[in-house]
Amino acid sequence: MEEERDIELRDLLNQTARLRLFRNKSSELGEYIGYNLNANNSINRIPPFTARCLFRELSRNVQEEISTDMDLEYILYQYKKASLFYSNHFNGKNQQANIAKIKLILQQAFVYNSDIETNNKTLALLTEVKDKEIDIPILLLLVLKILPSYTSAKGDVKDSLADAEKLLSFLRDFFKSSNDVIIDLPLLQRFEKEIQKCEYCSRLYLINIAEEALAIFGAYSNPQERYIISTSVEMISPDVADAIWVESDKLSAPGEFWVFKSLAYNCFYLYRYTIKAGDKKVSFTRYEAFFSDNELLTLIHPTKIPSIIAKQISEGMHSLFNCEMDNSTKPNRLELDSLFANNSSFRKKTLVRLSKNDMLKYYEDILSSDLYEKVDEFP
């Protein structure tokens, strides 16, 4: 049994090398594991137990280099299944038709309350994907021709960065066209930045991108899961409280300003003040707010808080923003970009911290003055 397992893992090592999963070139992987892989059947010449050790070590390195959740043996198993499914239902067919087909599969699997028209043939395809537990992100990469078939021997990867951009471009278009709520995911922006700095943009890395991006999109398209995600991440507490914040494009005549107030557990109130100078009134809305370590700002409108407390989470319960700071400890600039189209309050804003000047004193005087009536719009 041990000998059979050694041979099995040597075969998996051979597959990993042949499909260029961990490194884009055979020479790169050969240098990595200390074997010349340019010779014919070079891995099959490695003693089975040695090959088993190499595969186990390579699996550990995959988790260290790409993702702790990535199991190389399981990926190969899913790759083989998805490749067979691809050859049965996609290979040799019109690429435009294949793209339309994979979009239907993605919508069914990852879009919350998806309402797609299906005929008997499409329904049978979707049922087979589900029953056979086909790995849809890997299937997507096969359809996009980023991954070769499991039995392929095409050789080295020609342009991994172009493959990465093809994947990210498809995901952006799919997210925007298949869901009227989500505008963008900061995750894609993060991947785009990481790819440019990545020493080895491998096929395993692209599988991880597809898996992670689609899982997050699927969760965000569901209001309840979206709220759980946004509230379960690690919250941070940048130094933003008690300052006066204004929109950068309204510095000359701002009739609106913002103030964060610190609460316990890294949470804030965010007050949005609107000055009505003629009536000597300052109306305000108080949001609950928190920053998370994945560059997100969550805002909860006061009218939504009772429903959230009652765990009656529905669409529009809270707003999520991609939040870029010029300094993560004490920012002077907050770039806010809404992830969701249903955020009617504001979509995209740049808030800047006012420094010690006459304008700052003007706002501070308004807040402290008894001459201005402070009106809570949602008491």
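The values are calculated or read from the model by the stated rules, or taken from the named source; none is laboratory data. Note that the structure is predicted; figures quoted are calculated from it, not measured. Neighbour counts run over all protein chains shown; Cβ positions are idealised from the backbone, glycine included. What goes into the accessible areas is simple: the full protein's heavy atoms, side chains included, and nothing from ligands, DNA or RNA. Shrake-Rupley method; radii C 1.70, N 1.55, O 1.52, S 1.80 Å.
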Give the residue that is modelled with the highest pLDDT, with candidates limited to residues of region 265-318 that are open to solvent by 70 Å² or more (accessible area, probe 1.4 Å) and touching a helix residue (DSSP H, G or I) at 6+ places or on another chain (Cβ under 8 Å).
Arg286
Just need a number here: residues in region 150-171 that are open to solvent by 50 Å² or more (accessible area, probe 1.4 Å), at pLDDT 90 or above and not hydrophobic (A, V, I, L, M, F, W, C).
6
Taking the stated definitions as given, is Lys103 closer than 27 Å to Asn222 by Cβ, buried (at least 18 other Cβ atoms within 10 Å of the Cβ) and of a type in the set (Lys, Arg)?
yes
For Ser59, state whether it is modelled with pLDDT of 85 or more and buried (at least 20 other Cβ atoms within 10 Å of the Cβ).
yes
Cβ pairs under 7 Å, 6+ apart or interchain, first in region 267-294 and more than 22 Å from Ser368 (Cα to Cα) and in contact (Cβ under 8 Å) with a residue 40 or more places away in the chain, second open to solvent by 30 Å² or more (accessible area, probe 1.4 Å) and assigned to a strand (DSSP E or B), ordered by first then second residue, are Phe290/Met235; Phe290/Cys267; Phe291/Met235; Phe291/Ile236; Ser292/Met235; Ser292/Ile236; Asp293/Ile236
Those residues of region 64-83 which are touching a Phe, Trp or Tyr at 6+ places or on another chain (Cβ under 8 Å) and either among the β-branched types (Val, Ile, Thr) or without any contact (Cβ under 8 Å) to a residue 24 or more places away in the chain (or both), in sequence order:
Ile66
Residue count, region 129-144, condition closer than 20 Å to Met70 by Cα and open to solvent by 50 Å² or more (accessible area, probe 1.4 Å), comes to 1
When region 39-52 is examined, which residues are found to be open to solvent by 60 Å² or more (accessible area, probe 1.4 Å) and either under 22 Å from Lys158 (Cβ atoms) or not in a helix (DSSP H, G or I) (or both)?
Asn40, Asn41, Pro47
Sort through Leu147, Leu126 and tell me the only one that's surrounded by 11 or more Cβ atoms within 10 Å (Cβ to Cβ) and touching a Leu at 6+ places or on another chain (Cβ under 6 Å).
Leu147
Single condition Asn98 does not satisfy, out of (1) part of a loop (DSSP other than H, G, I, E, B); (2) open to solvent by less than 50 Å² (accessible area, probe 1.4 Å); (3) under 15 Å from Leu139 (Cα atoms)
(1)
Among residues of region 1-38 being of a type in the set (Gly, Ala, Ser) and open to solvent by less than 50 Å² (accessible area, probe 1.4 Å), the residue nearest to Ser160 (Cα to Cα) is Ser26
Name, by its number, the condition in (1) open to solvent by less than 50 Å² (accessible area, probe 1.4 Å); (2) in a loop (DSSP other than H, G, I, E, B); (3) at pLDDT 90 or above that does not hold for Thr68.
(1)
